[in-house]
């Protein structure tokens, strides 16, 4: 059942993104920035956590989930270390993903050439 | 001057008439299916991590994100991801694999400009704005949380 919920929640988040791109003339970059920021804000007001409970990877894998990890990390670090945590928490929580993206992004860019379109 | 404005308006109307309208339903269906499948696959990866590598839930979640980024980067390198993206639209852009795609695609494209200003700089042409705004928002949230708590 968790797989069904992951499919539905993840699919619906993507549909919202598709609707924004089709109806407004916003570029994917705009949508991604809006989504990651929304993820941070929704987490801060406590609305994203329930979505993660229901959807699992369906909520953490779409880009608002990245915002969720950032906000959750910042809040947790503030609870543990005070005001310094506001600066360290978000990046700390997402460091793994960012490092993997940089390392393999670099390797792939060196190994492969763009395909002719 | 007035003529110019008028002709601009006419041109805009002409554009509106001739530009193909996106097929909203079909686009959404593709986004739903591809986005859903990517997330379901990630959920399976997550459960495998928990079951066979004895990871904690939180640990497994970040390991899953890393795995998906790796897969997204590899598929982009192989040229497969862009083919999926043509149909899937937001279904391939919004999941974290799309974030990996946004890093690898420009890095490959601008490789000929060297590893400093090509790969190194262009890597973040799309991912940069996401990181900047995401981190900015998270620091603000951290500050608000700090002052509300006191």
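The values are calculated or read from the model by the stated rules, or taken from the named source; none is laboratory data. Predicted, not measured: the structure shown is a model, and the values here were computed from it. Methodologically, a virtual Cβ is constructed for each residue, glycine included, from the backbone with ideal geometry; neighbour enumeration extends over all protein chains shown.
Report yes if residue A:83 is modelled with pLDDT of 95 or more, more than 20 Å from residue B:58 (Cβ to Cβ) and surrounded by fewer than 21 Cβ atoms within 10 Å (Cβ to Cβ), otherwise no. In short, no.
Of the residues making up the stretch A:1-50, just one is within 15 Å of residue B:22 (Cα to Cα), crowded, with 21+ Cβ neighbours inside 10 Å and in contact (Cβ under 8 Å) with a residue 12 or more places away in the chain, namely A:17. Only one entry of B:76, B:61 meets the criterion of being touching a helix residue (DSSP H, G or I) at 6+ places or on another chain (Cβ under 9 Å) and in contact (Cβ under 8 Å) with a residue 24 or more places away in the chain, and that entry is B:76.
Comparison of B:11, B:52, B:24 shows that the only residue that is within 7 Å of chain A (Cβ to nearest Cβ), surrounded by fewer than 14 Cβ atoms within 10 Å (Cβ to Cβ) and more than 20 Å from residue B:126 (Cα to Cα) is B:24. If you go through the stretch B:63-77 and keep only what is more than 7 Å from chain A (Cβ to nearest Cβ) and farther than 15 Å from residue A:97 by Cα, you end up with just B:75.
The residues of the stretch B:5-50 that are over 18 Å from residue A:5 (Cα atoms) and in contact (Cβ under 8 Å) with a residue 60 or more places away in the chain amount to a single one, B:27.
The conditions of being more than 7 Å from chain B (Cβ to nearest Cβ), crowded, with 16+ Cβ neighbours inside 10 Å and at pLDDT below 95 are met by residue A:55.
Surrounded by fewer than 19 Cβ atoms within 10 Å (Cβ to Cβ), touching a residue at least 40 places away in the same chain (Cβ under 8 Å) and more than 9 Å from chain A (Cβ to nearest Cβ): does that describe residue B:150? In short, no.
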